[in-house]
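The values are calculated or read from the model by the stated rules, or taken from the named source; none is laboratory data. Note that the structure is predicted; figures quoted are calculated from it, not measured. Cβ: placed from backbone, ideal geometry, glycine included. Neighbour counts: every protein chain shown. All accessible areas refer to the heavy atoms of the entire protein, side chains included, with ligands and DNA or RNA removed. Shrake-Rupley method; radii C 1.70, N 1.55, O 1.52, S 1.80 Å.
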Amino acid sequence: MAVLAGFVVMVAAVAAHGRATLAAQDLRVDAGRFMTAGGSCTAAAVLGEDLPPLARKRLLQTLQSQGVRFVSSTQAADKAVAAAKAMGCPAVLACGASPLVYSIVTPSWLKPLQPEGYAIRRVKVDGIPVLATVGIGPSTPAYARGRGSVYGCYAALQQLGSTFFNPFDPNLRLDFVLAAETDDVSSSPHWAYRGTHVHTQHPLELTNLLTGWDQQGPDGKVTEPWEVLRKDWEPFLEWCLAHGLNQIEWLPLWAKSWETFATSTERAQRMRNLTDTARGFGIRVGADAAIALRQQHAFALIAPSAQTNEQVTASIHANMKWLNDSGFEFISSERQAVILHNFWSAACPAIGKHLALTHQPPPTVGLVSLQSRLAAKCCPG
């Protein structure tokens, strides 16, 4: 798929440790559909409220499509299992904070975890196999606090045989026999920042969606409005979580022929829709915005018409505000900027006030961070 070829993915290195406390054969069950008066049940699921809200909603939809029934995450451990058995469900998948999960994934499993780490355990409770996972998240930002648990949930789904190779065509499977043959897991990410860059300067599947454009045919007529393309965003975000990513960036793009639309309110609202949804999945979003680069319709902070310091300042003001209104949380920019000493010596006051550049990992900067390493290099003191 071209969409995969266009991604640069940095996935967390993890170290699995711990052993199953019960023999694999003790957890084997027939995971086939179990007929009840209310229909069929492949398994019961308990989804904790600590999961990022839109990720939790996606999991509900994904699991429901597989014949999964749901049990409240507020029920006591024994009552949750009893409810699953009453519905005729042969096994339980429990993700995120709940009494059932904490009765299985005890503090000794959570204590060694780093932020965004998770533990997965499988045991039998009252004769029914339970695959339980929970994690810990960073304290800030608030929308990221459930990352560890949601990473654990998608890792558990993969232990059950699900695969997420193609963002738009996941292979969903709930095989508790397969999961019973794996060890318990305690996993923490090696890198704090694990992201993917969607290179919208190439015609990838998500290019129109991420740049705010409708899909057009050769005659220029709209074949799919942006709102229809929007359906691909949640599957892609789910794919990111399944691979342990916590940030995404792309190039918003700009061209003289459509410069009015480039920084329009309509386009900012479309970007905001995407960035807000990503945060609902626990994922932060950044813009790859050039400082002055013009290659392949790059979105630049300094407009081509800006010639004086005052014009540069105004351009940076306007474009940073547009990116902020669009919901982007950080900026990546061209590395070549650090060598343009003479240009930046003139533009330095504007750059120093409005932009920070960091070329050490992670190579991104927050919109709210207004200290400039480049300004210090160009204008010491």
(message) From the convex hull of the Cα coordinates of segment 61-171, what is the mean projected area in square nanometres?
(response) 7.6 nm²
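With the contact rule set at Cα under 8 Å and sequence spacing of 6 or more, what percent relative contact order holds for segment 95-181? Numbers along the way, then the final one.
Numbers: 147 pairs, mean separation 21.0, N = 87.
Over segment 95-181, the number comes to 24 percent.
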(request) Extending each Cα 7 Å along its Cβ direction at Asp183 and Glu259, get the distance between those two points in nm, one decimal. (result) 6.1 nm
(request) Only Cα pairs under 8 Å and at least 6 apart count here; give the relative contact order of segment 32-126 as a rounded whole percent. (result) 32 percent
(message) Given the whole protein assembly as supplied and a 1.4 Å probe, what does the accessible area of Leu274 come to in Å², nearest 10?
(response) 0 Å²
(request) Any chance you could tell me what percent of the C-alpha pair distances in segment 88-238 go past 25 Å? (result) 44 percent
(request) State to the nearest 20 debye the size of the charge dipole of segment 154-227 about its Cα centre, where the only charges are +1 on K and R beta carbons and -1 on D and E beta carbons. (result) 200 debye
(request) Take Glu49, Glu205 and sort them by solvent-accessible surface of the protein heavy atoms, 1.4 Å probe, largest at the top. (result) Glu49, Glu205
(request) Check cross-link reach from Lys79 to the aspartates and glutamates: straight Cα distance under 12 Å, and skip same-chain residues fewer than eight apart. (result) Asp126
(message) Taking the Kirkwood radius as the inverse of the mean 1/r across Cα pairs, report the Rg/Rh of segment 63-116.
(response) 1.04
(message) If you count only protein heavy atoms and use a 1.4 Å probe, how large is the accessible surface of His197, to the nearest 10 Å²?
(response) 30 Å²
(request) Work out how much length Gln307 to Phe168 would gain on full extension: take 0.36 nm times their residue separation and subtract the Cα-Cα distance, in nm to one decimal. (result) 45.6 nm
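Order Met271, Met320, Met87 by their accessible area, 1.4 angstrom probe, all chains in place, largest first.
If we order Met271, Met320, Met87 from most to least accessible, we get Met87, Met320, Met271.
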(message) What are the extents of the Cα atoms of segment 247-332 along their three principal axes, in Å, largest first?
(response) 42, 23, 22
(message) Suppose the Debye formula is applied to equal point scatterers at every Cα of segment 179-270; what is log10 I(q)/I(0) at q = 0.19 Å⁻¹?
(response) -1.00
(message) Compute, for segment 123-253, the length of the dipole vector about the Cα centre, with Cβ point charges of +1 (Lys, Arg) and -1 (Asp, Glu) only. Units Debye, rounded to 20.
(response) 360 debye
(request) Starting from the Cα of Lys57, draw a straight line to each of the aspartates and glutamates and keep only those under 19 Å, dropping any in the same chain fewer than 8 residues away. (result) Glu49, Asp169, Asp232, Glu234, Glu238, Asp276
